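All remarks here apply to the structure that follows.
The values are calculated or read from the model by the stated rules, or taken from the named source; none is laboratory data. As the structure is a prediction and not an experimental result, all values here were calculated from the model. For neighbour counting, all protein chains shown are included, and Cβ atoms are generated from backbone atoms with ideal geometry for every residue, glycine included.
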Amino acid sequence: MGNKLTEEERIALRQPTQDDPTGHEWTWEEDGYTVIRSNARSGPGCHDNCGVLMYVKDGVLEKIEGDPENPYNQGRLCPRCLAFKEMLYHPDRLRHPLKRDRKDRGKNAFTQISWDEAYEIIEREMKKVIDTYGPEAIWVTQGTGRDINGYGPLMAQYFGTPNYGTGFLSGQACYAPRIFSTALKAGGLYICDYSQFFPDRYDNPEWERPEYILVWGNNPVVANSDGTLGHWIVECMKRGSKLMVMDPALTWLAGKAEYWFQVRPGTDCALALAMCNVIIQNDLQDQHFIDYWCYGYDEFKENVAKYTPEFAAETCGVDADLIVEAACALGRAKNACLQWGVAMDHTSEGFITGMACFDLMALTGNFEKPGTMVAANPVWDMSVTWMPRDRVWAECSEPVKDQGRTMNFDYPALKAMAAISPDMLLKAMETGEPYPIKAMFMMQNNAIACMGAQPQRILPALQNTDFNVVVDLFMTPTALACADVILPAACFAERIGITGHQPYALGAIAQAVEPLGECKSDQRIIYEVGSHFTTDEYKQWDDEEGFYDYLLRDTGYTYEELRERTWAYPEFEYNKNEKGMLRWDGSVGFATSTGRYNFYCPEMVKFGLSPLADYEEPPESPVSCPELAEKYPLVLTTGARPWGFFHSEHRQSPSMRRLHPEPTVLIHPETAAKYGIDEGDWVKLENQYGSCKHKAHLTVRIRKDTVSADHAWWFPERGPEDGTLFGVMESNVNKLVPMRPGKVGLGASYKSQLCSIEKIGE
């Protein structure tokens, strides 16, 4: 079973850590409970790895608390995690494998089957697709907020398909535009330094709090997205950090900010470039960083000269003097960092917006110093792989053939990044061109309710495939609509695992209770399904613990050893660009083609695109489409996460539904009065693509020309028999959003559409 290391070899590989686990316990008895220390990273969804204490009595999880010893979250938990027991033991949890005849898609006509039968069906039907159409006709996809990001490519690899990626999310508009832009600009993923790389956190003598934190298109105290916890920012504020917030809505952080830009959705790029211009005009740029570590500054300087504060003020709907004052404050600051969010990705040119915002950080020299943007390399190179046959899984199956057949032909940038285009894949499902997509393997992905723009297109496309498998915790609208086989997944309390997919620490998921029914972890499902599509020579493990031992093989730890200590913080250094710690050959600089931060991106020229960031008006806006705006006069933004839900999840939780019982749209009182709308009225949102209904919440927090609608609504309480797929189309704001990426193939218009509003009855 693979090349097993001896004990001596393994210990010799063990990586040094900052933290000392001496006296640390992972389980103990307390007041009649067995307490299990773990990291929460799995269903139900979340983007974080919070430390938890799970209290078990008689085999039942009675309560969950934050682990005060865990450096990551320091004992804090969000309401969803505190109410986790409601989801774990919910009567609607999937407990057994299910099958259904293809002709009954959309009906609750499932019958319970064994795991063996489920695997036999999957093997038969997937091999039929492969033999008839080729392996590329299978699309392996997943949702966000799971620890399966690094494992999904293995599933694709088993099938032999190059088509793996995140759902029907148009333009891969969830972090991917920003990640790819930072890769071109700086050679990797860079994140704000909130001391999270140190186990002693804010007390670490090397760390310094940022003087300014730019909270751009993000509400981290609610969203806790992308491996960031909102209370980290609050802790920095307590220590003197000041905020610049860019958001069309007045959030709690915006109310605490020194500068708040209530931007028109989709115009963020213009603001970033104007701030760059102001900094240069006032000679506040970090010339030392530019001279030593940047490429193409002269071209960049010339290009941004046209983005005056007046231009940005008119474009974004903010005050020009505010732009100048904030830009100068940023230029004079000792250090600053950019806490950016999915709002950038959710514009048609989110990729370009990411470039512009990163240029602002480079212009002020805010890289690799304490309290700035620092490289977030995977812990001990425990890489999250986003493509089949990456080095992580190189020994686990035969090579994927015809990688050139990956569905990205229309977008040279995506092709260079070995990334798929969900937009092209949906079109291929509808037309069969350039080749058909005939089968789906969907893990924790409620595409019809949540991810996919134009679900009215996605629903028939899914129902017209030859075969679909869904892995999930609950029966969702997507599963009910299209699944032929459903496999029940385990929650984090029911399974083991590792959390090496954040760049701060390596952690263990410890099992606290037995799985409900026959539920299995996503990872176990992947390798058990995969065993039907590969040979024994590629099997590198015997069981689930061996699976994680295999992944940990280069760290010197076994899963059991990691569980004993719960987490392990690697050593961390600042100024990695100066120490030869970023480039492949050990030379100084950034991991880019030029070895420097790229104000001018040579790769963009090869893609047939501008090498410099330039603002483009959203495709459908009051400026670009004035005639359309006469019919649909309001800017529609969506995707903001409320307290109680992670996208389309937690709608079954009684506690979370009390926090947020119904789909809501934020409307300014003056705007509401214009249309005869009162607080609590049901309203119809409509544009040329579709319509949906939400309940009005009147608030001065939102721009007068903008409405902000909840996303991902469905109604589990209706049950699967009512014939409406849990009412998924009634309040689905994505019906008003087109499947249309930006010209790079990244970014989409989730936050910058036009709509009208009208009062209706329930």
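So which residues in the range 423-449 are of a type outside the set (D, E, K, R) and without any contact (Cβ under 8 Å) to a residue 12 or more places away in the chain, if there are any at all?
Within the range 423-449, 431, 432 qualify.
Got a sec? Which of 343, 327, 312, 272 is surrounded by 24 or more Cβ atoms within 10 Å (Cβ to Cβ), free of Cβ contacts under 8 Å to residues at least 60 places away in the same chain and under 22 Å from residue 186 (Cβ atoms)? Outline the logic, then answer.
Numbers: 343 fails: free of Cβ contacts under 8 Å to residues at least 60 places away in the same chain; 312 fails: under 22 Å from residue 186 (Cβ atoms); 272 fails: free of Cβ contacts under 8 Å to residues at least 60 places away in the same chain.
Criteria check complete, one pass: 327.
Quick grid of which residues meet (1) over 18 Å from residue 449 (Cβ atoms); (2) touching a helix residue (DSSP H, G or I) at 6+ places or on another chain (Cβ under 6 Å):
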| residue | (1), (2) |
| --- | --- |
| 708 | yes, no |
| 711 | no, yes |
| 714 | no, yes |
| 724 | no, no |
| 731 | no, no |
| 747 | yes, yes |
| 762 | yes, no |
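Does the range 47-69 hold any residues that are modelled with pLDDT under 95 and in contact with a Cys (Cβ under 9 Å, 6 or more places away or on another chain), and which are they?
48, 50
Could you list, in sequence order, all residues of the range 641-654 that are among the small types (Gly, Ala, Ser) and either exposed (fewer than 15 other Cβ atoms within 10 Å of the Cβ) or not assigned by TED's automatic domain parsing to the domain that holds residue 715 (or both)?
Matches in the range 641-654: none.
Taking residue 80 as the residue in question, decide whether it is surrounded by 20 or more Cβ atoms within 10 Å (Cβ to Cβ) and either of a type in the set (Gly, Ala, Ser) or in contact (Cβ under 8 Å) with a residue 40 or more places away in the chain (or both).
When the stated conditions are applied, residue 80 passes them.
Select from the range 186-203 the residues that are buried (at least 24 other Cβ atoms within 10 Å of the Cβ) and part of a helix (DSSP H, G or I) and list them in ascending order.
Residue satisfying the conditions is 186 alone.
Hey, which of the helices (runs of 4 or more DSSP H) in the range 420-531, taking only ones fully inside, have at least 3 residues that are over 30 Å from residue 723 (Cα atoms)?
Working: elements: 422-431, 455-463, 477-482, 522-530.
In the range 420-531, 522-530 are the helices (runs of 4 or more DSSP H) which contain 3 or more residues that are over 30 Å from residue 723 (Cα atoms).
Restricted to the range 34-45, and to residues that are assigned to a loop (DSSP other than H, G, I, E, B), buried (at least 23 other Cβ atoms within 10 Å of the Cβ) and not charged (D, E, K, R), which residue is modelled with the lowest pLDDT?
Within the range 34-45, the match that is modelled with the lowest pLDDT is 42.
Please work out which residue is farthest from residue 738 (Cα to Cα), limiting yourself to the range 687-696 and to residues that are in contact with a Phe, Trp or Tyr (Cβ under 8 Å, 6 or more places away or on another chain), surrounded by 20 or more Cβ atoms within 10 Å (Cβ to Cβ) and not basic (Lys, Arg).
The selected residue is 696.
Would you pick out the residues in the range 505-518 that are touching a Lys or Arg at 6+ places or on another chain (Cβ under 8 Å) and surrounded by 23 or more Cβ atoms within 10 Å (Cβ to Cβ)?
Once the filter is applied, which keeps residues that are touching a Lys or Arg at 6+ places or on another chain (Cβ under 8 Å) and surrounded by 23 or more Cβ atoms within 10 Å (Cβ to Cβ), the range 505-518 yields 507, 508, 509, 510.
Out of (1) at pLDDT below 95; (2) more than 30 Å from residue 292 (Cα to Cα); (3) in contact with a Ser or Thr (Cβ under 8 Å, 6 or more places away or on another chain), what's the single condition that is false for residue 571?
Only one criterion is unmet by residue 571, namely (2).
Determine which member of the set 638, 664 is surrounded by 21 or more Cβ atoms within 10 Å (Cβ to Cβ) and either outside the structural domain of residue 730 (by TED's automatic domain parsing) or among the polar types (S, T, N, Q) (or both).
Checking each option against the conditions leaves just 638.
Which residue out of 242, 238, 256, 301 is among the basic types (Lys, Arg) and touching a Phe, Trp or Tyr at 6+ places or on another chain (Cβ under 7 Å)?
Step by step, each of 242, 238, 256, 301 is checked, and only 242 is among the basic types (Lys, Arg) and touching a Phe, Trp or Tyr at 6+ places or on another chain (Cβ under 7 Å).
Which of the numbered conditions does residue 757 fail, given that it passes all the others? Conditions: (1) in a loop (DSSP other than H, G, I, E, B); (2) in contact with a helix residue (DSSP H, G or I) (Cβ under 9 Å, 6 or more places away or on another chain); (3) buried (at least 23 other Cβ atoms within 10 Å of the Cβ).
(1)
Out of everything in the range 697-716 that is out of contact with any His (no Cβ under 6 Å at 6 or more places or on another chain) and free of Cβ contacts under 8 Å to residues at least 60 places away in the same chain, what residue ends up being surrounded by the most Cβ atoms within 10 Å (Cβ to Cβ)?
698
Checking residue 740 against (1) farther than 30 Å from residue 417 by Cα; (2) surrounded by fewer than 19 Cβ atoms within 10 Å (Cβ to Cβ): exactly one of these is not met. Which one?
(1)
Residue 214 is checked against (1) more than 22 Å from residue 709 (Cα to Cα); (2) touching a Lys or Arg at 6+ places or on another chain (Cβ under 6 Å) and fails just one. What number does that condition carry?
It is condition (2) that residue 214 fails.
Looking at the range 671-686, I want the residues that are not assigned by TED's automatic domain parsing to the domain that holds residue 707 and at pLDDT 95 or above and have a partner that is in a helix (DSSP H, G or I) and crowded, with 18+ Cβ neighbours inside 10 Å with Cβ atoms under 8 Å, at least 6 apart or on another chain. Which pairs are those?
none
A quick yes/no check of all residues on (1) touching a strand residue (DSSP E or B) at 6+ places or on another chain (Cβ under 8 Å); (2) modelled with pLDDT of 95 or more:
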residue: 311; (1), (2): no, yes
residue: 320; (1), (2): no, yes
residue: 338; (1), (2): yes, yes
residue: 356; (1), (2): no, yes
residue: 362; (1), (2): yes, yes
residue: 371; (1), (2): yes, yes
residue: 378; (1), (2): no, no
residue: 382; (1), (2): yes, no
residue: 389; (1), (2): no, no
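Counting just the residues of the range 47-78 that are of a type in the set (A, V, I, L, M) and out of contact with any Gly (no Cβ under 9 Å at 6 or more places or on another chain), which one comes out nearest to residue 18 (Cα to Cα)?
First, pick out the residues of the range 47-78 that are of a type in the set (A, V, I, L, M): 52-54, 56, 60-61, 64, 77.
Those still in the list that are out of contact with any Gly (no Cβ under 9 Å at 6 or more places or on another chain) too: 54, 56, 60-61, 64.
Details: 54: 26, 56: 31, 60: 35, 61: 32, 64: 27 Å.
Step by step, filter the range 47-78, then rank; the result is 54.
Checking the conditions here, which among 179, 233, 279 is outside the structural domain of residue 646 (by TED's automatic domain parsing), modelled with pLDDT under 95 and not aromatic (Phe, Trp, Tyr)?
179
Which of the residues belonging to the range 185-196 are in contact with a Pro (Cβ under 9 Å, 6 or more places away or on another chain) and within 21 Å of residue 171 (Cα to Cα)?
Passing the criteria: only 189.
Being in a strand (DSSP E or B), in contact with a Lys or Arg (Cβ under 8 Å, 6 or more places away or on another chain) and among the aromatic types (Phe, Trp, Tyr), is that true of even one residue in the range 356-363?
no
From the residues in the range 170-228 that are of a type in the set (A, V, I, L, M) and in contact with a strand residue (DSSP E or B) (Cβ under 6 Å, 6 or more places away or on another chain), which one is nearest to residue 407 (Cα to Cα)? Before the answer, list the steps.
In the first step, residues of the range 170-228 are kept if they are of a type in the set (A, V, I, L, M); the result is 173, 176, 179, 183-184, 186, 189, 191, 213-215, 221-223.
Still in the running and in contact with a strand residue (DSSP E or B) (Cβ under 6 Å, 6 or more places away or on another chain): 186, 213-215.
Numbers: 186: 27, 213: 38, 214: 36, 215: 34 Å.
Looking at residues that are of a type in the set (A, V, I, L, M) and in contact with a strand residue (DSSP E or B) (Cβ under 6 Å, 6 or more places away or on another chain), I get 186.
Is one or more of the residues making up the range 394-410 of a type in the set (A, V, I, L, M) and either under 22 Å from residue 268 (Cβ atoms) or not in a loop (DSSP other than H, G, I, E, B) (or both)?
no
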